[in-house]
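Asks: I have a structure here, written as C-alpha cells, and I will follow up with some questions on it.
Derivation of every value follows stated rules applied to the coordinates shown; laboratory data play no part. Keep in mind that what you see is a predicted model, and the values were worked out from it rather than measured. Ideal geometry is used to build each Cβ from the backbone, glycine not excepted, and the neighbour counts take in all protein chains shown.
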Amino acid sequence: MSYKKIIIYLLFIILFSEKLYCYIDPGAGSYIIQLIIAGLIGISFSFKLFWKKIKKLFSKILSRKSNN
C-alpha cells in the first residue's frame, strides 16, 4: 500500500469520524509513562551493551581519516 493511500485513509478517518466522549483514566496514563521509561531504559541498556563495538567502529573510522 502506498503512502498516499495511507495518508488519504487516515485523513478520511479523522475528518469523518464521530465525536467520542471518553477519557484516559490514571491507570492508562501511568501505563503509558511506564512504557516510555521502559523504552528509554532498554535503549540505554542496549547502548551500554554494545558500547565497545561502537567505540571500536568509530576508532577505526577516525584512524583511517588520520592516516590519509
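Asks: Just to check I understand the Karplus step: with θ = phi - 60° and J = 6.51 cos²θ - 1.76 cosθ + 1.60, what whole-Hz values come out for segment 7-14, glycine and proline as x?
Replies: 5, 5, 4, 5, 4, 4, 5, 5
Asks: Compute the length gained on full extension between ILE32 and PHE16: take 0.36 nm times their separation in residues and subtract their Cα-Cα distance, giving the result in nm to one decimal.
Replies: Computed gain between ILE32 and PHE16 is 3.0 nm.
Asks: Using just the helices of the chain, give the 222 nm mean residue ellipticity in deg cm²/dmol: DSSP H runs with n ≥ 4 each add -39,500 (n - 2.57), and the total is spread over all residues, rounded to 500.
Replies: -27000 deg cm²/dmol
Asks: Something else: What is the packing order of peptides 49-58, 12-21, taking the mean over residues of other C-beta atoms within 10 Å and listing the highest first?
Replies: Listed from highest to lowest mean packing, they are 49-58, 12-21.
Asks: Between (i) 15.6; (ii) 17.3; (iii) 13.0, which matches Kirkwood radius over Cα pairs in Å calculated for the structure shown?
Replies: Checked against the structure: label (ii).
Asks: Next question. Say the dipole of the chain comes from +1 at the beta carbon of Lys and Arg and -1 at that of Asp and Glu; which of ILE33, SER59, LEU20 then lies farthest toward its positive end?
Replies: SER59
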